[in-house]
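J.: Shown below is the structure under consideration.
The values are calculated or read from the model by the stated rules, or taken from the named source; none is laboratory data. None of these values were measured; they are calculated from a predicted model. Here the Cβ positions follow ideal geometry from the backbone for every residue, glycine too, while neighbour counts run over all protein chains shown. The area values use the complete protein model at the heavy-atom level, side chains included, leaving out ligands, DNA and RNA. Shrake-Rupley method; radii C 1.70, N 1.55, O 1.52, S 1.80 Å.
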Amino acid sequence: MSQIVLNNLSKRFAGVEVLHEVSLSIEKGEFTVFVGPSGCGKSTLLRCIAGLEEITSGTLDIGGTRMNDVDPAARGLAMVFQSYALYPHMTVAQNMSFGLRMAHRPKAEIDAKVAKAARILQLQPLLDRKPAALSGGQRQRVAIGRAIVRDPDVFLFDEPLSNLDAELRVQTRVEIAKLHQTLGNTIIYVTHDQTEAMTLADKIVVLRAGRIEQVGTPMHLYDDPDNAFVAGFIGSPRMNFLAANVTATGLQLGQVTAPLPALATTLAVGQQMQLGIRPEHLDQTDGVRLPVTVEVVEHLGATAFVHCRLDSGETLVAEQRETAARPGARLDLHFDIARARLFGTDGARVR
Amino acid sequence: MHWVVAVPMALLALSCVYPVFFTVNNALKDNKGYILNRFGIVQDPSVQNFVDAWGRAHLGEYLFNSVTVTLGAVVLLLLTSSLAGFALAMLRFPFRRVLFIVILASLMIPVQVVLVPFYRTMMGLGLINTRFGLILAYTAFFLPFCVYLMTAFYSRLPREMVEAARMDGATLLQIWWNIMLPMGRPALLTLGILNTLYCWNDVLISLLVLQKERTVMVGIAALRGEYTTNVPLLCAGIALAAAPIILLYIFFQRQIVDGIAVGAVKG
Amino acid sequence: MKTLVLSLALVTTALPAFATELTVWDWKSGDPAAAAYFAKAKEVFEAAHPGDTISYVMQPNDQYYTLLGTALASDGGPDLFLLNGGAQARARFENALPLDGKLGDLAANLAGTADFSEATGLYAVPLTIQGFVVYYNKALYADAGLDPAAAPKTWDDLAKVCAAFIAKGTAPCIALGNKEGFGMEFWFSAIAASLWTAQEQADFAAGNLAWTSPQVVAVLQGWVDANAAGWFPKGANSTAKFMDEYEGFMRGETGNTIGLISDVAHWKQFDEMLGAENVGVFMMPAPGGAAAKLPAAGGIGYAVNKKSPNADLAVEFAKTLASAEVLQVFFADAGAVTANTQMDTSSVTSEAAKTIFGWLATETVPMAHANASAAQLEELHRQSQTLLNGEVSVADAAAAMDKVGK
Ligand SMILES: Nc1ncnc2c1ncn2[C@@H]1O[C@H](COP(=O)(O)OP(=O)(O)OP(=O)(O)O)[C@@H](O)[C@H]1O
Ligand SMILES: [Mg+2]
């Protein structure tokens, strides 16, 4: 049985619906990531699960129990906020023990749990400090510690890394992954960064404008996106989209002619389509040839991103291992048509 | 060039210190000595005025009333205003904005306008001539401003802190006591100082409510006669009445300056 | 325990049936000089009415009428309340019990009742009589080459005195504090007293004597002339009459001052500060006036709250407060000139006081300014200052006064 089940969950703020009949199941121990652009409703969905927002309609079940009207603290969840929301007037130890103290747990139990969390997160030397005397990364760990101490069934994270610098973000990301392996709890994690989603998730939920676009494992979403939005959102740099015209023999991409990929659907001649090609797939030596003009080359060391313009005026990015391309130079890119994905003009995937 | 700052500052300091000197100096004179030489330094100082003010003018008893009432009112004000500020700033409930605007609007009603209905209410509740009545009256009169200030102060704190506490299983009252009250310290301190002064210095409300017992500032006001005033006795009374406030200031000097600074920086 | 509380509650609720507490408001009972009088009244009354008690509530003078107004408007006023005679008293008559026929024998022995009456009757029992006289410093008179025993009797006498003071040049002739306009109030009534006929006083009181009439203009003109002649000190408009003017007089800085005879009995104060041998007194003469007179009026008096449930008892206490036996204490301690004509004043030793009491029997006339309206007095305060500054002519000031309704 799934641990968390949302069924047609909707949320309205003062008459404006921001979540539209969201349905989703999350398994026990699963690391689920909500991704989507800013304002799509990720936080709102998480807060509905947490009980910080009232659910307008639909149902939320956790561990088989209807939770719509249950107090946040009674849902067996712990939450780590984007701003950490530490209590500034309490020490690290007091911050972590707050929930247990409010529940009037015995002192020995509190001390043991705080000590254990501190050990896992290497916070022992910091226990007597106030949050103001901690670095961003340390505060982040205290916030996680406060969640761990409560021994929850489910952890909720709302963009926990967004206030950290790039290096610390990678480091903490790895720590969170390890923590998940150690503790084995269910985790729901909100981010708008697809890299975090790809690296951390067992299951990614892509949201757009209050609707679920697609749910699946990272590789599933990468390989087999349901629509152009998901295809564009997952993967970095994002997928290139080229206008394509269906001909009797294949696809016409500007001056270039390409064979049709293997499809279950039969396409009508003259139909307008979008062809999606990931930058890392424009790295072949044969296959469909795309003659382009190089505009900008970004060297990242191991690879380079080559920003190019087609003769049709469309732009695309190619990721190449070794390139001698110079801005202004002509270049022939090749790709395997089997790797490309075809979408209708409405964005829907054509398989 | 430092005298450009030093001279005005010294003058400012002098203008603050001189009234204190004038008061104490004249409190040590007798009435005749004062009339014949108002500004000179006291020749043969006597504490008789202090004895008279304490005993015959009952300032001793009145001081006790003032301390009780001020303390009671300030504690009640701080507790209620931080509760109300917490609710208005952090919780969502219907008509929250309307309620806040009504409270703001009540700031603009001058005391004089509501004296008659106020007095009737106090009579109806049987609170005339009770210290508790005066505590309630001060709380009622000064509460709108306190609620406004606490709401403004709490609105600047992250709401996520309250949500974190809710996730931690704290009840609303626990959140208020453990989080909001300590977080509100700078604002509460500022309000504490202001309201202590308001309550201590009030004459009008105190006159209406406590007619048999009196507070010290009423006692002072009563020392001023219709045609003539015994100025040295008045000075002694003022010195006695100001002493607790000055002691309080010396005691809490650091916190008071910090409180004012926090209020100023954070606006 | 429970029964004890219960029986206590019974006792306290049952008590009012047997014993009444009368609440009395004033602004004087805390004054050391008046304390013995108030204590005596309470003692006499409580002895005569066993079980009943008096509770004085003294309010600060400057808040008194605000508080009284609030309490009366809330139906929560005291049983008795003290009032100043004249305009202040009249403003409260609507809350006061008419006392005609309720005072028994006392009624025949009361002076100053006019200031606590309206056409509809008497609304308060007067306690004291207030009046204005001129006190002078005999030592300064001698310094200026004047005979300290010869107090001025006419306007010309006064002019000679002031000429001597001006010639001597060390002290101003007539002390004047007009910061609030009180200097003019005193001047106005003192000059009018000696200048106007009884009929003119009555006309003025009734609002039938215009400010632009020659009689009133003469009073204002005297003010301007005295100032032009240099009788007043410089800066009168920034000197408070209470207490700057009188303190200066007590320090021997000025030769003459128009002062009070009662409540704050200036003769008593001045005797103490200057020495009784140095204090002289005369009635203010008027330019062209016949004989100088003493303006006097009811000073303070007690009204009974008409909504008081104990009104009858309150009237009894008002009678006690105004009785000769009790007022004797007020007179002895505070030098109050009482409204009860049965008072024995023979014990007084002050020469100035003896002189004043002599005049009280025969020389009193109405206190003119007390018969002006509050609005007129306010305008008079303003005009008196501009007159002193020479910013307005007497005719214009009088015309401005006529514009203010009675
Ligand atoms: N309390 C609220 N009242 C009204 N509208 C709200 C409220 N909270 C969120 N919204 C609206 O709901 C929508 C979803 O907001 P939400 O915070 O869930 O977005 P998000 O996906 O978390 O975005 P971000 O990545 O920027 O955090 C937004 O349009 C937002 O304006
Ligand atoms: Mg968000």
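J.: Taking each residue of C:68-75 in turn, how many C-beta atoms of other protein chains fall within 10 Å of its C-beta, and what is the average?
T.: Mean shielding count: 5.
J.: Report the full-extension gain for the segment C:LYS354 to C:ALA332: residue separation times 0.36 nm, less the Cα-Cα distance, to one decimal in nm.
T.: Here the answer is 6.6 nm.
J.: If I stretch the segment between A:ARG309 and A:GLU109 completely, what's the gain in nm (0.36 nm per residue apart, minus their alpha carbon distance), one decimal?
T.: Value of the extension gain: 65.5 nm.
J.: Students often get this wrong: which residues of segment A:274-288 have the backbone nitrogen under 14 Å from the point 7 angstrom along Cα-to-C-beta of A:ASP332?
T.: Under 14 Å, as judged by backbone N against the label point of A:ASP332, lie A:284-288 of segment A:274-288.
J.: Right, here's the next one. Could you sort the residues of segment B:119-167 by number and keep only those whose accessible area is reduced by 20 Å² or more in the all-protein-chain setting relative to the chain alone, 1.4 Å probe?
T.: B:TYR119, B:ARG120, B:MET123, B:GLU160, B:MET161, B:GLU163, B:ALA164, B:ARG166, B:MET167
J.: I would also like to ask the following. If you wrap a convex hull around the alpha carbons of chain C, what volume per residue comes out, as a whole number of Å³?
T.: Enclosed volume per residue, from the Cα hull, is 152 Å³.
J.: So, one more: Could you compute how much accessible area chains B and A hide from each other, both sides summed, with a 1.4 Å probe? Nearest 100 Å² is fine.
T.: Chains B and A together bury approximately 1800 Å².
J.: Dividing the convex hull volume of the Cα atoms of chain A by its residue count, what figure in Å³ per residue is obtained?
T.: Spread over its residues, the Cα hull of chain A gives 171 Å³ apiece.
J.: Show me you know the interface measure: the accessible area buried between C and B, both chains summed, probe 1.4 Å, in Å² to the nearest 100.
T.: The C and B chains share an interface burying roughly 2700 Å².
J.: Using r as the Cβ-Cβ distance of C:THR197 and B:LYS32, and R0 as 56 Å, what FRET efficiency do you calculate, to the nearest 0.05?
T.: The calculated FRET efficiency here is 0.85.
J.: Could you work out how much longer the chain between C:THR170 and C:THR362 gets when fully extended? Use 0.36 nm per residue separation minus the Cα distance between them, nm to one decimal.
T.: Extra length from C:THR170 to C:THR362 when fully extended: 65.5 nm.
J.: Moving to a separate point now. Out of all DSSP beta bridges in segment A:4-226, what portion is antiparallel? Express it as a percent rounded to 5.
T.: Just about 55 percent of them are antiparallel.
J.: Which of the lysines could be linked to A:LYS113 by a straight reach, that is with a Cα gap under 21 Å, when you skip same-chain ones fewer than 8 residues away?
T.: Qualifying lysines at Cα under 21 Å: A:LYS130, A:LYS178.
J.: Another question, if that's okay. Points 7 angstrom from Cα along the Cβ direction at B:LEU104 and C:ALA142: gap in nanometres?
T.: The modelled label-to-label distance comes out at 7.4 nm.
J.: Please state, to two decimals, what the Cα-based radius of gyration of segment B:109-157 comes to when divided by 2.2 N^0.38 Å (N = residues).
T.: Normalised Cα radius of gyration, segment B:109-157: 1.43.
J.: What is the calculated FRET efficiency for B:LEU79 to A:GLN284, with r their C-beta to C-beta distance and R₀ = 56 Å, to the nearest 0.05?
T.: Step by step, r from the Cβ atoms, then E = 0.15.
J.: Taking a cut-off of 14 Å between Cα atoms, list the aspartates and glutamates near C:LYS179, but don't count ones fewer than 8 places away on the same chain.
T.: C:LYS179 reaches C:ASP244, C:GLU245, C:GLU378, C:GLU379.
J.: Report the antiparallel proportion of the DSSP beta bridges in chain C as a percent, rounded to a multiple of 5.
T.: The answer is about 65 percent antiparallel.
J.: Of all the Cα-Cα pairs you can form in the protein assembly as shown, what percent are over 55 Å apart?
T.: In whole percent, the long-distance tail amounts to 46.
J.: Return the loop-located GluC sites (Glu not before Pro) in segment C:374-405 (DSSP other than H, G, I, E, B) with at most 15 other Cβ atoms within 10 Å of their own Cβ; answer none if there are none.
T.: Sparse-neighbourhood loop GluC sites (Glu not before Pro): C:GLU391.
J.: Moving on to the next point. How far is helix A:166-183 tilted off the main Cα axis of chain A, in degrees rounded to 10, range 0 to 90?
T.: Computed tilt is about 60 degrees.
J.: Among all the lysines, which ones have a C-alpha under 21 Å from C:LYS28's C-alpha, if same-chain residues fewer than 8 places away are not counted?
T.: B:LYS212, C:LYS40, C:LYS42, C:LYS241, C:LYS268, C:LYS319
J.: Over 5 Å intervals from 0, what percent of Cα-Cα pairs in chain B sits in each interval?
T.: 1, 5, 10, 12, 14, 13, 13, 11, 8, 6, 4, 2, 1, 0, 0
J.: Size of the dipole of chain A about the Cα centre, Lys and Arg at +1 and Asp and Glu at -1 on the beta carbon, nothing else charged, in debye to 20?
T.: Value, rounded to 20: 1020 debye.
J.: Oh, and also: Probe of 1.4 angstrom, ligands and nucleic acids ignored: what's the accessible area per residue over the protein assembly as shown, in square angstrom?
T.: Heavy-atom accessible area per residue stands at 44 Å².
J.: How high is the FRET efficiency from C:GLU253 to C:ALA39, r the C-beta distance, R0 41 Å, rounded to 0.05?
T.: Step by step, r from the Cβ atoms, then E = 0.65.
J.: So, with a 1.4 angstrom probe, what is the percent of accessible area on segment A:240-344 that is carbon and sulfur?
T.: Result for segment A:240-344: 50 percent of the exposed heavy-atom area is carbon or sulfur.
J.: For chain C, what % of the accessible area comes from carbon and sulfur atoms, probe 1.4 Å?
T.: 55 percent
J.: Once neighbouring chains are kept in place and the probe is 1.4 Å, which whole percent of the accessible area of segment B:57-259 is contributed by carbon and sulfur?
T.: Result for segment B:57-259: 72 percent of the exposed heavy-atom area is carbon or sulfur.
J.: For chain B, what is the charge dipole size about the Cα centre, in debye to the nearest 20, if Lys and Arg each add +1 at the Cβ and Asp and Glu each add -1 at the Cβ?
T.: The dipole of chain B has a size of about 480 debye.
J.: OK, next. What span do the alpha-carbon atoms of segment A:240-344 cover on each of the three principal axes, reported in whole Å from largest to smallest?
T.: 43, 23, 21
J.: Of B:TRP54, B:LEU88, A:VAL174, which is farthest towards the positive pole of the protein assembly as shown's charge dipole, taken about the Cα centre with +1 and -1 on the beta-carbons of Lys, Arg and Asp, Glu respectively?
T.: So the residue furthest toward the plus end is A:VAL174.
J.: A follow-up question, please. Rounded to the nearest 5, what is the percent of antiparallel bridges among the DSSP beta bridges in the protein assembly as shown?
T.: In the protein assembly as shown, approximately 75 percent of DSSP beta bridges are antiparallel ones.
J.: So what is the 222 nm mean residue ellipticity for chain A from helices alone, if each DSSP H run of at least 4 adds -39500 (n - 2.57) and you divide by all residues, rounding to the nearest 500 deg cm²/dmol?
T.: Dividing the helical sum by the residues of chain A leaves -7500 deg cm²/dmol.
J.: Dipole magnitude of segment A:240-344 about its Cα centre, charges +1 at Lys/Arg Cβ and -1 at Asp/Glu Cβ only, in debye to the nearest 20?
T.: 160 debye
J.: Next question. Would you be so kind as to identify which of A:GLY301, A:PHE335, A:THR257 lies farthest towards the positive end of the dipole of segment A:240-344, taking Lys and Arg as +1 and Asp and Glu as -1 on Cβ and the Cα centre as origin?
T.: Result: A:THR257.
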